[in-house]
Amino acid sequence: MTADLWADGDWYRGDDGYHGPARLQLGPAQFDVLVELRGFFQPIDGRYHWYGRLARNDRLAEALGGQRAVGVLETAQGASLCELSEPDTWGRYRVSGTSAPPFPVAAKAGPPE
């Protein structure tokens, strides 16, 4: 990961989310993208599910041609396997994954509510 992608620190991390720069690896190709991610723990399957949108990226759109893809999404805080679905009307691909997300997750202590 090159340091320049994260240099300006222009990102936001909430309790269970992230908004900022990321790098998407699809096979040998890499794309610097902006993402908005969030997630939740699903007690039924015992896994963390995360999802979000990639900002419109013309280079990515040209490479994928509106098709689904599997890759690795990396932020300054981590990397995770992900799936991309078809783009929406505005050219933004939906991204999703399960288990460890590419951003820190706030730990909630205490008994279940």
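The values are calculated or read from the model by the stated rules, or taken from the named source; none is laboratory data. Keep in mind that what you see is a predicted model, and the values were worked out from it rather than measured. Cβ atoms come from the backbone with ideal geometry, glycine included; neighbour counts cover every protein chain shown.
Quick look at the numbers
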item	result
Scope the stretch 1-26; condition in a loop (DSSP other than H, G, I, E, B) and either of a type in the set (A, V, I, L, M, F, W, C) or at pLDDT 95 or above (or both); matching residues	M1, W6, A7, W11
Only listed residue being surrounded by 17 or more Cβ atoms within 10 Å (Cβ to Cβ), at pLDDT below 95 and not in a loop (DSSP other than H, G, I, E, B), chosen from G39, G52	G39
Matching residues in the stretch 14-57 - criterion: being in contact with a Pro (Cβ under 9 Å, 6 or more places away or on another chain) and among the hydroxyl-bearing types (S, T, Y)	Y18, Y48
Filter pass, P101 being under 16 Å from the mean Cα position of the chain (by Cα) and either surrounded by 16 or more Cβ atoms within 10 Å (Cβ to Cβ) or at pLDDT 95 or above (or both)	yes
Failed item in (1) under 13 Å from A22 (Cα atoms); (2) assigned to a loop (DSSP other than H, G, I, E, B), with A79 passing the rest	(2)
Residues of the stretch 55-79 satisfying the condition of being closer than 20 Å to S99 by Cβ and within 13 Å of the chain's Cα centre (by Cα)	V70, G71, V72, L73, E74, T75, A76, Q77, G78, A79
